[in-house]
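Contents: one structure, followed by commentary.
Throughout, read-outs are computed from the coordinates displayed, never taken from laboratory work. Fair warning: this is a prediction, and the values are worked out from it, not measured in the lab. All Cβ positions, glycine included, derive from the backbone under ideal geometry; neighbour counts span all protein chains shown.
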Amino acid sequence: MLDQEIEFKFKRLNNGAEATMLNKKGRLTSTALILNKETIEINKIVKAIRRFDRLLQLKDGCVIGFVVRGKALVPLMENINRMSSLYWAVEEQNKLDQQGRGGEFRIEPCTYCGSAIQLTKFAHSEETYCGYCETVVKRDQEATPGESDDQ
Ligand SMILES: [Zn+2]
């Protein structure tokens, strides 16, 4: 799922302020996000959100904020969301299978960011909303990027 590990430099955020002076090394592998000495398994991550140059990982209700230096931010965020959305989709499918409702499972890759959008709970429609890149995806049409904070 991940062609190549992504290495990046980051600073942790503490209440919105940079917590440390020095950049720390981070790495994204096919199973985990490693922030210096801290390893966060992909299956603990709900989603990565971009606010300016910041990424927030929502993990068991917890939020981890960090600033990523350099060009790694976008590929990092997209790959985290692709991997974690697929993980959560498989979880959902297993849950439905156990309830004998496996046939109801519907999923679609976001044409904009590649994350797996779960459609099971939603009616069939012309449009899908991707909660990962906050974009309304129209079927058989180009994606319309949603409004973002970093303009
Ligand atoms: Zn998307």
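Summary of values
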item	result
Which listed pairs, of 24/59; 24/121; 11/95, have C-alpha distances above 31 Å, in listed order	24/121; 11/95
Where Rh is the Kirkwood radius over Cα pairs, Rg/Rh for segment 6-79	0.91
Cβ-based exposure ranking for 8, 105, 122, in which fewest neighbours within 10 Å come first	122, 105, 8
Ordering of 93-102, 38-47, 9-18 by packing [mean C-beta count within 10 Å, highest first]	38-47, 9-18, 93-102
R0 of 25 Å, Cβ-Cβ distance residue 99-residue 136: FRET efficiency to nearest 0.05	0.25
Residue-count net charge about residue 12 - beta-carbon cut-off 10 Å; Lys, Arg +1, Asp, Glu -1	0
Contour minus Cα-Cα distance for residue 30 and residue 2 (0.36 nm per residue)	9.5 nm
Relative frequency of Cα-Cα separations exceeding 24 Å in the chain, percent	37 percent
Helix axis angle, 73-98 relative to the chain longest principal axis, alpha carbon, degrees	40 degrees
